[in-house]
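Derivation of every value follows stated rules applied to the coordinates shown; laboratory data play no part. Quick caveat, the model's predicted, so the values are computed rather than measured. Backbone-built Cβ (ideal geometry, glycine too); neighbour counts: all protein chains shown.
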Amino acid sequence: MDVEISDRLLTGAEAAALGDIGRYELVEGRIVRLSPTGIGHGKYEYRFGRALGDFVEQQRWGEVLVGEVGIYVKRNPDTVRGADIICISHDRLAQVKSGTFLDVAPELVVEIVSPEDRWSDLQRKVREYLAAGVDVVLVAEPETKTVTVYRVGHTREFAATDTLTLPELWPSFAVKVAELF
């Protein structure tokens with residue numbers, strides 16, 4: 001199967017049909033294997049997911065999904081990125097046509113920085129998410145205990161002593177950054 005994967009460009013549907021081949025992203029039609037996440041990554045993914053999930057559920061706004069959710073960020077050749085956490089409204093979720101990866105951009109994507117992540121790769125992902133229609137991308141950096149909020153044309157960093165707010169999505173959302181780490 002590895003020979004077939006490397007010999008030609010795959011669509012998102014073909015990549016999904018490969019079944020359980022481990023963690024990967026599809027980048028311009030090519031499978032890029034990812035290593036498993038570590039303990040810290042899982043802890044922070046849970047904390048962010050819980051904070052966002054509690055709020056979204058209380059507001060009956062949509063869904064919060066965790067665990068490398070596949071999102072089409074580019075087509076022909078396809079690029080499917082695996083987001084740590086997404087928040088998607090009921091309205092956008094109703095527009096999804098794909099049975100595998102999201103073919104509608106969620107409103108929010110959270111990426112948790114792992115020690116092995118390269119900053120240039122992370123910045124590329126942020127640009128791809130925003131270009132695909134994601135409204136807000138959060139990049140959580142456990143080492144510095146900061147959260148950077150990216151929107152098209154705007155970036156803001158929140159330190160551990162700050163309260164993270166997302167007024168562009170939910171005017172009443174607020175959580176202390178320190179509680180997320």
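Among 13, 132, 140, the residue with the largest mean-square fluctuation in a Gaussian network model of the chain, with springs joining Cα atoms closer than 10 Å, is 13.
Averaging over all projection directions, the Cα-based convex hull of the range 24-101 occupies 5.7 nm² in the image plane. Peptides 67-78, 160-171 ordered by packing proxy, namely the average of other Cβ atoms within 10 Å per residue, highest first: 67-78, 160-171. If the cut-off is 19 Å between C-alpha atoms, which aspartates and glutamates fall inside it for residue 43, apart from same-chain ones fewer than 8 positions away? The qualifying aspartates and glutamates are 54, 68, 84, 111, 116, 117, 141, 143, 179. Here the extension length gained between residue 90 and residue 75 equals 3.0 nm, from 0.36 nm per residue of separation less the Cα-Cα distance. Its Cα centre serving as origin, the chain has a Cβ charge dipole (Lys and Arg +1, Asp and Glu -1) of approximately 240 debye.
Summarised in one figure, the compactness ratio Rg/Rh of the chain, Cα atoms and Kirkwood Rh, is 0.96. For the pair residue 145 and residue 120, a Förster radius of 25 Å applied to the C-beta separation gives a FRET efficiency near 0.65, rounded to the nearest 0.05. Between the amide H of residue 62 and those of 90, distances stay under 5 Å, these residues lying 5 or more places away or on another chain, with hydrogens modeled in the peptide plane. Shown here are the Rg and Dmax of the Cα trace of the range 81-181, at 13.8, 41 Å. Over the range 37-180, Cα pairs under 8 Å with separation of 6+ residues give a relative contact order of 17 percent.
Couplings 3J(HN,Hα) for the range 109-116, derived from phi with the Karplus relation 6.51 cos²θ - 1.76 cosθ + 1.60 (θ = phi - 60°), are 10, 10, 10, 9, 6, 9, x, 8 Hz, where x marks Gly and Pro. Within the listed set 64, 32, 136, the residue fluctuating most in the Gaussian network model of the chain (springs between alpha-carbon atoms under 10 angstrom) is 32. Taking 0.36 nm per residue of sequence separation and removing the Cα-Cα distance, the residue 28/residue 9 pair yields an extension gain of 6.1 nm. Here each label is just a point 7 Å from Cα along the line to Cβ, and for residue 59 and residue 21 those points are 3.7 nm apart. Which cross-chain or sequence-distant (5 or more) residues have an amide H under 5 Å from the amide H of residue 31, H modelled 1.01 Å from N in plane? Amide H neighbours of residue 31, under 5 Å, 5+ apart: none. For the chain, the longest principal axis of the alpha carbon atoms and the long axis of helix 119-132 meet at an angle near 90°. Whole-Hz Karplus values for the range 87-100 come out as 10, 9, 6, 4, 4, 6, 4, 5, 8, 5, 10, 6, x, 10 Hz, taken residue by residue from phi with 6.51 cos²θ - 1.76 cosθ + 1.60 and θ = phi - 60°; glycine and proline positions read x.
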